[in-house]
Amino acid sequence: MHTIRFSAILMILLGLLSSCDKVINLKLNNSGPQTVIEGTVSNEAGGAKVSISQSQNFYDETSFTGISGAQVTVDVDGTVYNFDPTAAGVYQNSTLIGVPGHTYHLTVKLNDKTYTSTSTMPQVVKLDSIYVVDDEFGTNKDKTKLRVATVKYQDPANEQNYYRFIEYIDGRKEKSLFVDDDEFTNGQTVNSRLNFSNDNDDPAREIRTGKQLMIEMECIDAAVYKYFFSLNSNSTGSGNSAAPSNPTSNITGGALGYFSAYPITRKTITVPAN
Amino acid sequence: MFGNLRAFAQSPLDKTITIKLNNVPLRQALDKITAATGVRFTYNESVAASNIKLTINAKEQSLKQVLDAALANYPYSYSQLDQDILIRYDATKLKKPVAEPAAKPAAEKFTISGTVTSKQSGETIIGASIRLVDGAQGTSTNGYGFYSITLPAGDHQLLISAIGQKSLIVPVSLTSDQRLNITMEDNAQELQTVTITATQKGARDLKSPQMGVEKLNIKEINDVPVLLGEHDVMKTIQLFPGIKSAGEGSGGFYVRGGATDQNLLMLDEATVYNAYHLLGFFSTFNSDAIKNVSIYKGDMPAQYGGRLSSVIDVKMNDGNNQKFGVSGGVGMIAARLNIEGPIQKGKSSFLISARRTYADAFLKLSKDTVVKNSKLYFYDINAKANLVLGDKDRIYISGYLGKDVLSANNVNGINWGNTTATLRWNHIFNNRFFSNTSFIYSNYDYEIKVKQDVNTYGITSRIKDWNFKEDMQYDIGSDHSLSFGVNSVYHTIKPGEISATGNSGFISQKLETRYAWDNAAYVSDTWKATDRFTLTYGLRVSAFSIIGPGTYYDVDADGGITGSKHYNSGQIVKTYLNLEPRVAAAFQLNDISSIKASYARNAQNLHLVSNSTAGSPTDKWIASTNLIKPELADQFSVGYYRDLAEHKYEFTFETYYKKLQNQLDYRNDANIFTNQPIETQLLYGKGRAYGAEFLLRKKTGRLTGWISYTLSKSERLIDGINNNQWYNARQDRTHDLAIVGIYKLNEKWTLSANFVLYTGDAVTYPSGKYLVDGATYYYYTNRNASRLPTYNRLDLGATKQLKKTKKYSSEINFSLYNAYGNRNAYRIYFRDNKTDPNKTEAVRTTLFTYVPSVTYNFKF
C-alpha cells in the first residue's frame, strides 16, 4: 500500500546472490491453546458474527478449532443483542445491522472468563471504482506479467480514516491483509494498489483476463487498524521483523483477535485484457 | 635469546656438522651449512644483505653449537621453525651502554622527540615503539607518528621497532632537549607480507594501562581470506574476541553485547555513519588507502566519546613522499587503483585511491529484463594530501566519497553514501607539547525512488556534521604525560522528505529537521607511578544541546501525544550534561606478564532505530530529544596479559561487566513509516552485558595467527516488551570462536585459513498459530528466547607472488569462502506449506555456500 516497498528491492538483490531456501525441522515450544476472538458488526444483514477458537501447536494440521458454550452479546445504545451458536465456535445475530456513528460493546463469557471490547462504526467512505494495473517487474509463475488490483476512493478531509480491503478473485478470498490510513492522503482522491506476494504460486491467486474481481472496502476504527497493522507487520512469520510479537488487540481479558464495527461497500469487475 | 630453544628430538639443531669457513659473508655461510646438513634457513632481506662475515671451524659439532659460536658477536639470533632455522636481526644482542658513572648525582633529564617515518614511503608510522635497549623505559608514536620521551642526561641506545619495519638502534647522547626524526626501513616483503621481524619484549605493551584494544596494521590483515577476495578491515576485526559479526548480509557488528549503532567509526577523525557498501557485504574502508586501525572495546581513552560500545579509529595512508607509485587489483566483482607520490619530495605527498564494483556488468548479460535493467554497484574514492611546513608544522587534507546505487528495472531504486572531509594541522609547540587541530565535515544521505504505475515517490534523508577538534599531548616529564582537548560538533539531521506525484493521493511530506550542538572537553593523565605500575585517569565532560527551531512533544505511556512546545531558531530545547570518568591501571608482574583493570563511562546522544533483522541504509539516526535521553554505559573490566615461549606467543584474557541505561527499542506495534514524532513509536529501558574473552596469538614465524574465544551474555529490560521481564538482546551470543592461521609455505606461496563458530542469534520463534479471517498467523510468547542454528564456516586462501623486481611486483590471490559449504541460516521464517495449506513449516534461508574468488594485485 503506501508503505513504499523497499523490501522488494532488497529481495531482488538477495535473489541475485546465491541465496537458497530449505524447509527444516525446527524444534518449537508449544504455548498451550490461547483463546482467539474475531468479532464483527457491519451495516449489512448477516454481518454480526463472532468466532471463538483456540490457537494450535505449530506442527498441528491447521484448522478452525471452534469453542462452543460461550455467552456472546453485543449492546448498542442500551439494546442488548444475544448471539446464538450457528456452528462450533460461530455465534451470530441475524437482526443486528450496524449504523455508522454508533458504538458497539462486545461481551464474551467463556469458562468463568469475560472478554470485552468496544468499536465505533465509522462513517461510510464509498469505494469509487476498482481497476487492474500491470506490476513494474513482477511476474506470475508462467512468466506473464503480474497484474494488481487498484482501488479508488475519495478520502474525507475532516476526519481520520482507516480502511481495510478484501479481495476476491472468482469468488475466492485472498488471504493477504490490505489496510490503509489517511496519514499521508487526507482529503485526497486515493488510488491505492493491493500488492501481495503469491508466495505459493497458486494460479487461483492470479488476476487474469476474464476473471471476476471483487473488492470489499471496510471503514474501520483506529484500534482495529492498529490491530491489523501490527498483525501484518509482526505475526506473519516472515522473518523480516526483528521483533515478532502478538498484535495490539482491542479485546480486554487476554484473548487474541479483534472486534470491529464497520460499514462496507464493494465493487466487482471482469478483468479486461491488458 | 640463546639457549632458550628447546631442542626437540629430530631437531635440525641437533644435526652434527663438520665445516670450515673463513670470513664468509653471512648468506653464503648459511648456504654452505645448508649444503652440508640439508637444514634450510629462512631470513629476510636485511639478513641476506648483511655484510658481516663468519668464521667457523667445526668438527662433529651440533648445528646449535656451531650457530651459537658463529653468531655470538653479531646482532643476529636464530630460532627453529619446524624443520627450518629462522635467522633474524636481534637488536637485544647489542651491547648495553655502560652504567652511568656515579659522578652525575640527581641526573638532569632531557626530552627527545620527533616523528617516525618509513624510509621507502615517507609515511608516518603509528604505534612505533621507542624504548631503551634494556627495555626499562619507553613510549610509542601517536596517531601522527610523533613521540616524546624524557630520559636522564647521558648516553643511551634507543631501540625503535614497528610492525612491518626493520628494527633499528639509535645511539643518543643527551645533553639538552633534542629533536630526533627517525626513518625506518620497510621489511623486505611488500605485497606478500609475512612479518618476520623479531618480536620485542612486551610487544602488546604490558606496561600500558589501555585495555580492550586491538591495533591492526593493514599489512597484518591482508592475508586473512575474505568474501569475494576483497580485503576488509571491518570483517577482519570481527575475528577478534568481543567483536562479533551481525551475520551475513549485514555489515554491522556487535562489540561486547552492544548494538550496531553503539560503535563509533572514524576515518581520519571524521565520523562515518554508514560503514557498509552493498547492504553490508563490503565495508566503506578501502584497505589500499588505510594505514592503521585501532579498536577500543568500551575502555576508550578520554579523547573519544559519543558511543557506548566501541571506537574504530581508522587512519588513512598519507601518500608516498619519496617516489611516485601505482598499485591496484582486479577481483571478481571490483577493481581498485591507488596512485600516490610526492608533491615535493620528502616534504609533501598525495594519495588517491578508488574502487568500483562491476557486478552490474554481468546483470546486462541476463535474459531476464528485470535483472537486465537493474543496477547494483558502489564506488568509493579516498584522497589525501599532506604538507610539511618546516620542522614544527604539518597539514593534512583528506576526503572520502562513497556511493552505492541499487535499482531494479530502472524505476525503483536507492542510492546512499558517505562524504567526509578533514583538514588537520599538527603543530609541535616544543619537544614535549604536540597539538592537532581538526576541522571535519561529514555527511550521510540516502535517496529512494519508487515508481508504481503512474505514481512516483522520492524519499531523501540526511545527517550532516560540522566538527571542530583540538587534541593536545603534553609530556610533563618521565612520569606523567597529559592529553587534553575539546570537541564541538554541530549536527543537522533531516529525518526524511517525501515527494510524490501521480494519482495515489499521497501528499508530499517534510519531517522537521533536527539540530544539535555536541560539545565535549577532556583531560587525561598517564602516570608511571613505579617501574611496574602505571595509571591513566581522566575525565570527559560532554554537553549535548538540542537546538531549535522545532516542535517537541510530550508522549504518554501508550505513545499518545499529550502536549507540544515550539522552539524558535537558536533556542535551546534541552542540554544533557554528562561526566564520563575513565580510569585504567596496569601492574606489570614481571617481564612477561601483567594485570590491568579499568572503568569507563560513555554517553551516546545519537541513536539508530531499526526494526529490520539486517541493518538497512534506511535505518533512522535520531538525536536525543526532550524525551529520548542519552544512552549511558558503565564498563568495568579486568585483564591478564602474558607473553609465552620467548615472546613468540601472546595470551590475553579480559573480562567485563557493562551496565546500560536509557536503551531504546520500537514498540511492538510501531509504524516506522509515519510523520508522528518518533517518540510515539519508542520504548525505553536498561541493559546489562558481561563476558570473558580469550586470545592466544602467534605473531612470528612461518605460521602466524590467533585463536579467539568469547563467552558472553547481553540482556535488555524494557517496559512494554517481554512482559517487562529481562530478555536476550538479539546480539546475545553465548559462545564465539575464531581461529585464524597464515602459513608462509615458501617465497612464492602464502596459505591462510580461518574458521568461525558461534551460537546463533537470539530470535523469537512462534509457539503456536491461529487463524484470523481464514489466514494463518503465529503466536509468540517470550522475546528472543530461541536461537538460530549454530553458525560455522571455514574460509581458505592462497596467495602466490608472481613477479617481484625492485620496480614491479604482482601477486594472485585465491580464496574460497565457506569452504565446506555449510548452510548457515541468514534467517528462518514460517509459512503455509505450498501444496498443503493446512500444514505450516519452518524455512531456512542461506546466503552463501562456496564462494570462490580470484584477485590479481600489482604494484609499480
message: Filter segment B:651-676 down to the residues that are of a type in the set (D, E) and farther than 21 Å from B:Y780 by Cβ and list them by number.
response: B:E654
statement: Checked B:Y817, B:Y850 against criteria (modelled with pLDDT under 90 and on the phi > 0 side of the Ramachandran plot); the one match is B:Y850
field: Output for segment B:439-479, where each listed residue is more than 20 Å from B:G402 (Cβ to Cβ) and under 25 Å from the mean Cα position of the chain (by Cα)
entry: B:F439, B:F468, B:K469, B:E470, B:D471, B:M472, B:Q473
task: Check off (1) modelled with pLDDT under 75; (2) buried (at least 20 other Cβ atoms within 10 Å of the Cβ) for B:K201 and give me the number that stays unchecked.
output: (2)
- request: Return only the number of the condition from (1) within 14 Å of another protein chain (Cβ to nearest Cβ); (2) in contact with a Ser or Thr (Cβ under 6 Å, 6 or more places away or on another chain); (3) assigned to a strand (DSSP E or B) that B:R831 does not satisfy.
  value: (2)
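Name the residue, out of A:V74, A:V148, that is more than 24 Å from A:P263 (Cα to Cα), without any contact (Cβ under 8 Å) to a residue 60 or more places away in the chain and not aromatic (F, W, Y). Let's see the steps before the verdict.
Working: A:V74 fails: more than 24 Å from A:P263 (Cα to Cα).
Only one candidate qualifies: A:V148.
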field: Those strands (runs of 3 or more DSSP E) lying entirely in segment B:628-712 with at least 1 residues among the charged types (D, E, K, R) and within 14 Å of chain A (Cβ to nearest Cβ)
entry: B:649-666
- line: Exactly one of B:Y457, B:Y441 is assigned to a strand (DSSP E or B) and modelled with pLDDT under 95, and that one is B:Y457
query: Does segment B:488-496 include one or more residues that are farther than 18 Å from B:F673 by Cα, of a type in the set (V, I, T) and more than 14 Å from chain A (Cβ to nearest Cβ)?
result: yes
- prompt: Would it be correct to say that B:G298 is in a strand (DSSP E or B), buried (at least 24 other Cβ atoms within 10 Å of the Cβ) and out of contact with any helix residue (DSSP H, G or I) (no Cβ under 7 Å at 6 or more places or on another chain)?
  reply: no
message: Please count how many residues of segment B:742-761 are surrounded by fewer than 17 Cβ atoms within 10 Å (Cβ to Cβ) and out of contact with any Leu (no Cβ under 8 Å at 6 or more places or on another chain).
response: 4
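Which residue, of B:L788, B:L771, B:L802, is without any contact (Cβ under 8 Å) to a residue 12 or more places away in the chain and within 14 Å of chain A (Cβ to nearest Cβ)?
Details: B:L788 fails: without any contact (Cβ under 8 Å) to a residue 12 or more places away in the chain; B:L802 fails: within 14 Å of chain A (Cβ to nearest Cβ).
The match here is B:L771.
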message: Residues that are under 30 Å from B:G768 (Cα atoms) and more than 10 Å from chain B (Cβ to nearest Cβ), at least 2 per element: which strands (runs of 3 or more DSSP E) completely within segment A:134-240 meet that?
response: A:162-169, A:178-181, A:212-220
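Given the options B:I440, B:I463, B:I414, B:I397, name the one that is within 27 Å of B:Y276 (Cα to Cα) and within 14 Å of another protein chain (Cβ to nearest Cβ). Let's see the steps before the verdict.
Numbers: B:I440 fails: within 14 Å of another protein chain (Cβ to nearest Cβ); B:I463 fails: within 14 Å of another protein chain (Cβ to nearest Cβ); B:I397 fails: within 14 Å of another protein chain (Cβ to nearest Cβ).
Only one candidate passes the filter, namely B:I414.
If only one of A:N30, A:N57 is within 28 Å of A:N200 (Cβ to Cβ), surrounded by 13 or more Cβ atoms within 10 Å (Cβ to Cβ), out of contact with any helix residue (DSSP H, G or I) (no Cβ under 9 Å at 6 or more places or on another chain) and at pLDDT below 95, which one is it? Walk me through it before giving the result.
On the way: A:N57 fails: at pLDDT below 95.
So the residue among A:N30, A:N57 that is within 28 Å of A:N200 (Cβ to Cβ), surrounded by 13 or more Cβ atoms within 10 Å (Cβ to Cβ), out of contact with any helix residue (DSSP H, G or I) (no Cβ under 9 Å at 6 or more places or on another chain) and at pLDDT below 95 is A:N30.
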- prompt: When you scan segment A:90-116, how many residues do you find that are farther than 25 Å from A:S63 by Cβ and in a strand (DSSP E or B)?
  reply: 6
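Here is a check on your reading of the model: is B:I718 among the aliphatic types (A, V, I, L, M), more than 27 Å from B:S309 (Cβ to Cβ), buried (at least 20 other Cβ atoms within 10 Å of the Cβ) and in contact with a strand residue (DSSP E or B) (Cβ under 8 Å, 6 or more places away or on another chain)? Before the answer, list the steps.
Values: among the aliphatic types (A, V, I, L, M): yes; more than 27 Å from B:S309 (Cβ to Cβ): no; buried (at least 20 other Cβ atoms within 10 Å of the Cβ): yes; in contact with a strand residue (DSSP E or B) (Cβ under 8 Å, 6 or more places away or on another chain): yes.
No: the conditions fail for B:I718.
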- prompt: Are there any pairs with C-beta distances below 8 angstrom linking a residue in segment A:24-39 that is more than 7 Å from chain B (Cβ to nearest Cβ) and in contact (Cβ under 8 Å) with a residue 40 or more places away in the chain to a residue that is surrounded by fewer than 16 Cβ atoms within 10 Å (Cβ to Cβ) and assigned to a loop (DSSP other than H, G, I, E, B), with the two at least 6 apart or on different chains, and if so which?
  reply: A:T35/A:G254
message: Take residues that are surrounded by 13 or more Cβ atoms within 10 Å (Cβ to Cβ) and either among the basic types (K, R) or modelled with pLDDT of 70 or more (or both) and tell me which of the helices (runs of 4 or more DSSP H) falling wholly in segment B:1-107 contain 3 or more.
response: B:26-37, B:63-71
query: Restricting attention to segment B:390-410, does a residue exist that is in contact with a Lys or Arg (Cβ under 8 Å, 6 or more places away or on another chain), over 28 Å from B:I459 (Cβ atoms) and modelled with pLDDT under 90?
result: yes
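Filter segment A:40-79 down to residues that are within 14 Å of chain B (Cβ to nearest Cβ) and outside any loop (DSSP other than H, G, I, E, B), then give me how many there are. Steps first, please.
Going residue by residue through segment A:40-79, those that are within 14 Å of chain B (Cβ to nearest Cβ) are A:40, A:42, A:47, A:49-67.
From the residues that got through so far, the ones that are outside any loop (DSSP other than H, G, I, E, B) too are A:40, A:42, A:49-54, A:56, A:66.
Looking only at that region, the number is 10.
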statement: If we ask which residues in segment B:817-828 are among the aliphatic types (A, V, I, L, M) and away from chain A (no Cβ under 14 Å), their number turns out to be 1
message: Tell me yes or no: at least one residue of segment A:253-267 is buried (at least 21 other Cβ atoms within 10 Å of the Cβ), modelled with pLDDT of 95 or more, within 16 Å of the chain's Cα centre (by Cα) and outside any strand (DSSP E or B).
response: yes
B:T492, sole failed condition from (1) modelled with pLDDT of 95 or more; (2) under 25 Å from the mean Cα position of the chain (by Cα): (2)
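The values are calculated or read from the model by the stated rules, or taken from the named source; none is laboratory data. Computed from a predicted model, the values in this text were never measured in an experiment. We place every Cβ from the backbone using ideal geometry, glycine too, and count neighbours over all the protein chains shown.
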